[in-house]
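Down below is the structure, laid out as C-alpha cells.
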Amino acid sequence: MAMDLFEFARRAERIGGELQGGMLARVNELGWSLDEGHYELTGGGAQGGPQWIEVQASGQLRAVCQRCLGALVWSLSTKTRLEIAESEAAIELFEDDVDRVAGDRSLDALMLVEDEIILALPMVGRHEVCVAQQSVEPQTGALGRALGAWSAKRGQSS
Ligand SMILES: [Zn+2]
C-alpha cells in the first residue's frame with residue numbers, strides 16, 4: 001500500500017481499515033499479538049504551512065506478562081500528527097521536538113501505522129498488578145474463604 005505523502009496531504013485524503021495480526025510482523029517480534037484493531041490516516045496542511053499526516057490506531061493486543069507469565073491484554077489507542085519533511089536529511093536539521101516523517105519516498109501506509117503502534121507499546125509487557133499477586137489477598141475465591149475460615153478457627157483455639 002505505497003502512497004505519496006505530499007499528494008495525500010495536499011488532497012486532505014483519509015484512508016482507514018481493519019488491522020489484522022498477520023499485518024504487524026515487527027509488533028509480533030516484540031512479543032505482542034493483535035486481537036483486533038483499526039487504523040486511520042488523515043492528511044492535511046494549511047496553504048504555505050507544513051503538511052502533515054495524522055496516524056490513528058486502536059485495538060487490543062496481548063502478550064505474556066514478564067513477571068507472572070500470565071496473559072496480558074493491552075488496549076491500544078494512539079493518535080500522532082507527523083509533519084511531512086522534504087527528506088530524512090532535512091529532518092536531521094530540525095532542532096525541535098516535532099515528530100516528522102520524510103515525504104521523499106513512497107511510503108507504505110501500514111509501515112507508518114506499525115511504527116506508531118510500536119512507539120505506543122508499553123516499555124515492559126507486564127501487569128500493573130499481577131493476577132497471581134491479587135489472588136493471595138484473603139477472602140477472594142474459594143481458596144481465600146477456606147483459608148480465612150481456617151485461620152479464624154485457629155484464632156479461637158489459641
Ligand atoms: Zn503479571
For the stretch 7-20, indicate whether the set of residues that are touching a helix residue (DSSP H, G or I) at 6+ places or on another chain (Cβ under 6 Å) and either within 16 Å of the ligand (Cβ to nearest atom) or closer than 15 Å to GLU114 by Cα (or both) is non-empty. no
In the stretch 19-39, residues that are in contact with a Phe, Trp or Tyr (Cβ under 8 Å, 6 or more places away or on another chain) and farther than 16 Å from PRO122 by Cβ total 1
**Prompt:** Is it the case that the stretch 85-96 has a residue that's surrounded by 16 or more Cβ atoms within 10 Å (Cβ to Cβ) and either at pLDDT 95 or above or touching a Gly at 6+ places or on another chain (Cβ under 9 Å) (or both)?
**Reply:** yes
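Would you say GLY125 is buried (at least 18 other Cβ atoms within 10 Å of the Cβ) and either part of a loop (DSSP other than H, G, I, E, B) or of a type in the set (D, E, K, R) (or both)? Walk me through how you get there before you give the answer.
Details: buried (at least 18 other Cβ atoms within 10 Å of the Cβ): yes; either part of a loop (DSSP other than H, G, I, E, B) or of a type in the set (D, E, K, R) (or both): yes.
The answer is yes for GLY125.
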Is it the case that some residue within the stretch 75-92 is within 16 Å of the ligand (Cβ to nearest atom) and charged (D, E, K, R)?
no
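The values are calculated or read from the model by the stated rules, or taken from the named source; none is laboratory data. Since this is a predicted model, take the numbers as computed values, not measurements. Counting neighbours? That spans all protein chains shown, and the Cβs are built from the backbone with ideal geometry, glycine included.
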